[in-house]
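One structure is given here, and the rest of the page talks about it.
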């Protein structure tokens, strides 16, 4: 996912659709780090939801700012 | 049967810090995004001066380093201090690559006369990346302390909360970079 993001950026292929894909892949990568690296996969939802909400909201706001 | 753990890994105090850091960076990321909206041409032109190759390598570096820390925690849970220490050392070594690449980038920018006053893009770029860089430095100091303690048998399968605490902080650093790289280096 990071390689594709780099390729899109390097060859200046970033379009509206690509930005949406990049934001989605960033969410997926972040989610994987939160659940598997930070070890929040098997933790009560109230602790897991904070970083996941953070990730989702930040990316949504970035998307809003981009698409406005 | 509910098998969910009651608390996140490590000392709960680090999670308060992690949540506060997430809030702080959220403000910076969203501020960047909306400032970009208001200064589109400046942001797009300035972004061309960034080294995306370095950003890509740094992403791989930080994710790999985080992975090594995951392995270190796994090893200590299996009571293998030596393996755990080796993984922490590897994580530090890889993490140090980030420091070197970032310092070279900063040096290059400063040589070009770029600073906080150059324009709004570089104000955000430097604020975000320097702030994140300082977190990486602190993370490496924490990993070093964990390494020292692991080497002398300070952690075991019965006592690894300290290692999990430091690991959680290190993973935060990787998580923040993943967003930072996409937002600042790639999206235009």
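What follows draws every value from the coordinates through simple rules; no lab data is involved. Quantities reported herein were computed from a predicted structural model and do not represent experimental measurements.
Things worth noting here:
- Residue-averaged 222 nm ellipticity for chain B, from DSSP H runs of 4+ at -39500 (n - 2.57), nearest 500: -27000 deg cm²/dmol
- Using the Cα coordinates of the protein assembly as shown, the gyration tensor eigenvalues translate into equivalent-ellipsoid semi-axes of 33, 21, 15 Å, sorted from longest to shortest.
- Rounded to whole Å, sorted largest first: equivalent-ellipsoid semi-axes of segment B:8-69, Cα gyration tensor: 30, 20, 5
- Quarter of Cα convex hull surface for segment B:12-186, i.e. mean projection, nm²: 9.7
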